[in-house]
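K.L.:
One structure, as structure tokens, below. Some questions next.
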Amino acid sequence: MNTSQRALIELLYGKGAHANPIVAVQGIPAKFAGRRLEGYPYSIFQIVGHLNFWMDYELRRIKQEDPPYPKHAADSWPSDSSSANEAEWKQVVTQFASLIEDLSTLAQSDPELLNQEVKPTHAVHNQQSSTVLAVLWQTAVHNSYHIGQIVLLRRLLNDWKAEAGDTW
């Protein structure tokens, strides 16, 4: 495994300056996960659902399943989470951890596979590098962006614990 692959796997699991994404979503009660705070458009439940949508989408695209690209950005976000129960929330978190594992496994693949081009499913894909490795990096960075939002929301809900990540 080369340095780039190792860095990607570390980013997927939140090493260095990044919070561990799995730890960041675990242990949140559904009542907090489904709550939207005033002034913020999404709940933690919706953010994790959005991450699940895009990780699944990109993994399917890498597998050449040709998933349909959403017509609108809103199509990649769960619409409402205020009534989410513990079982639904647990399922979303379990899927999240499983998708992270799938990405990590793929990131450990042979360089020949990682350098293969991924078929575009939308015009936006033609504007950026779309090798398997590039898609994995884009997905990891997208996750990192939204995990930062989750950490902020958990802090605002007084639900962020030191063991979940850096607090300084």
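The values are calculated or read from the model by the stated rules, or taken from the named source; none is laboratory data. What you are looking at is a predicted structure, and each value in this text was computed from that prediction instead of being measured. For neighbour counting, all protein chains shown are included, and Cβ atoms are generated from backbone atoms with ideal geometry for every residue, glycine included. To get the accessible areas, we keep the full protein, side chains included, count just its heavy atoms, and leave off ligands, DNA and RNA. Shrake-Rupley method; radii C 1.70, N 1.55, O 1.52, S 1.80 Å.
K.L.:
Given (1) surrounded by fewer than 20 Cβ atoms within 10 Å (Cβ to Cβ); (2) over 11 Å from the mean Cα position of the chain (by Cα); (3) modelled with pLDDT of 90 or more; (4) of a type in the set (Gly, Ala, Ser), where does Ser43 come up short, assuming only one miss?
P.N.:
(1)
K.L.:
Same structure, new question: Please name all residue pairs, on different chains or six or more residues apart, with Cβ atoms under 6 Å, provided the first residue is in the stretch 90-116 and is under 13 Å from Thr131 (Cα atoms) and of a type in the set (Gly, Ala, Ser) and the second residue is open to solvent by less than 60 Å² (accessible area, probe 1.4 Å) and part of a helix (DSSP H, G or I).
P.N.:
Ala107/Gln5; Ala107/Leu8; Ala107/Ile9; Ala107/Leu136
K.L.:
Could we say that Leu156 is open to solvent by 60 Å² or more (accessible area, probe 1.4 Å) and aliphatic (A, V, I, L, M) here?
P.N.:
Yes.
K.L.:
Can Asp80 be described as open to solvent by 30 Å² or more (accessible area, probe 1.4 Å) and either outside any helix (DSSP H, G or I) or of a type in the set (Lys, Arg) (or both)? Give the steps one after another, and end with the answer.
P.N.:
On the way: open to solvent by 30 Å² or more (accessible area, probe 1.4 Å): yes; either outside any helix (DSSP H, G or I) or of a type in the set (Lys, Arg) (or both): yes.
Here the answer is yes, as Asp80 does meet what is asked.
K.L.:
Looking only at the stretch 112-123, count every residue that is open to solvent by less than 70 Å² (accessible area, probe 1.4 Å) and touching a helix residue (DSSP H, G or I) at 6+ places or on another chain (Cβ under 8 Å) and tell me the total.
P.N.:
The initial filter retains those residues of the stretch 112-123 that are open to solvent by less than 70 Å² (accessible area, probe 1.4 Å), namely 113-114, 118, 120-121, 123.
In the following step, the residues that additionally are touching a helix residue (DSSP H, G or I) at 6+ places or on another chain (Cβ under 8 Å) were identified as 113-114, 118, 120-121.
Within the stretch 112-123, residues that are open to solvent by less than 70 Å² (accessible area, probe 1.4 Å) and touching a helix residue (DSSP H, G or I) at 6+ places or on another chain (Cβ under 8 Å) number 5.
K.L.:
Give me the pairs, please: first residue somewhere in the stretch 3-30 and within 20 Å of Val93 (Cβ to Cβ) and assigned to a helix (DSSP H, G or I), second residue anywhere and among the charged types (D, E, K, R) and open to solvent by 30 Å² or more (accessible area, probe 1.4 Å), beta-carbon distance under 6 Å, and either six or more positions apart or on two chains.
P.N.:
If the second residue must be among the charged types (D, E, K, R) and open to solvent by 30 Å² or more (accessible area, probe 1.4 Å), the pairs left are Ala30/Glu86.
K.L.:
Quick one: which of Gln95, Gln64, Gln91 is open to solvent by 70 Å² or more (accessible area, probe 1.4 Å), among the polar types (S, T, N, Q), over 16 Å from the mean Cα position of the chain (by Cα) and at pLDDT 90 or above?
P.N.:
Numbers: Gln95 fails: over 16 Å from the mean Cα position of the chain (by Cα); Gln91 fails: over 16 Å from the mean Cα position of the chain (by Cα).
Exactly one of Gln95, Gln64, Gln91 is open to solvent by 70 Å² or more (accessible area, probe 1.4 Å), among the polar types (S, T, N, Q), over 16 Å from the mean Cα position of the chain (by Cα) and at pLDDT 90 or above, namely Gln64.
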